[in-house]
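Inspection log for the structure reproduced underneath, given as structure tokens.
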Amino acid sequence: MRIGVNREDGAETRIRPGVEGDLEELTRIYNHYVIETPITFDTEPLTVEQRRPWLAAHPDRGPHRLLVAEEGGKLLGYATSSAFRPKPAYSTSVETSVYLAPEHVGRGVGGLLYGALFAVLEREDVHLALAGVALPNEASERLHLRFGFRPVGVFEEVGRKFGRFWDVAWFQRPLAR
């Protein structure tokens, strides 16, 4: 799967499955959010080796995907669909997320990634996409609403990071079948 998107500035953004060669940059992007933000509830940066099982859990087919956006060989960010919970009855539900390199936030890359991810998921045996958003995060809430998610509730003070407790809003989106 390769999607070429010409941006207003003339650059072409390609969306493709993530591969082993992307792992170092994917880890760098994720660790930015671990260190600098409450967006993920990991509290210590991860090594490339620690992220390898995560990469392996996202093959290039099936409901659990990893798509990356790149321009000129540089990764801009990624979107994933992962197992929601480990029990078999949850297998048709996925949790989705988007992480962007901090220098590429606000350029529309998250929307490109989510559009490609949902196009792929529409062909899989996926009934429902879910997303947890640590609050406050207006940009993520807007992105999810734009892609047809609806808010279904807030878990209050479920994560502690940076010396305080954080709420997580949950969103869900049915997939057309």
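List of remarks:
- Residue in the stretch 78-97 that is buried (at least 18 other Cβ atoms within 10 Å of the Cβ), more than 20 Å from Gln172 (Cβ to Cβ) and either in contact (Cβ under 8 Å) with a residue 40 or more places away in the chain or touching a helix residue (DSSP H, G or I) at 6+ places or on another chain (Cβ under 6 Å) (or both) present: yes
- Scanning the stretch 27-49 for residues that are within 17 Å of Ser82 (Cα to Cα) and not charged (D, E, K, R) gives Thr27, Tyr30, Ile39, Thr40, Phe41.
- Evaluation of Thr13 against (1) under 20 Å from Ala139 (Cβ atoms); (2) modelled with pLDDT of 95 or more; (3) of a type outside the set (A, V, I, L, M) (one fails), failing number: (2)
- The residues of the stretch 35-52 that are hydroxyl-bearing (Ser, Thr, Tyr) and over 13 Å from Lys161 (Cβ atoms) amount to a single one, Thr47.
- Residues within the stretch 119-172 that are within 22 Å of Arg61 (Cβ to Cβ), within 18 Å of the chain's Cα centre (by Cα) and touching a residue at least 60 places away in the same chain (Cβ under 8 Å), tallied: 3
- Residue count for the stretch 60-77, restricted to those that are surrounded by 12 or more Cβ atoms within 10 Å (Cβ to Cβ) and either free of Cβ contacts under 8 Å to residues at least 12 places away in the same chain or farther than 30 Å from Arg160 by Cβ (or both): 11.
- Residue match in the stretch 25-48 (condition: over 25 Å from Gly159 (Cβ atoms), surrounded by fewer than 18 Cβ atoms within 10 Å (Cβ to Cβ) and either modelled with pLDDT of 95 or more or touching a Lys or Arg at 6+ places or on another chain (Cβ under 8 Å) (or both)): no
- Among the residues of the stretch 42-57, just one is of a type in the set (Asp, Glu) and outside any loop (DSSP other than H, G, I, E, B), namely Glu49.
The values are calculated or read from the model by the stated rules, or taken from the named source; none is laboratory data. Remember, predicted model here, so these are calculated numbers, not experimental data. In this analysis, Cβ positions are derived from the backbone assuming ideal geometry, glycine residues included, and neighbour counts consider all displayed protein chains.
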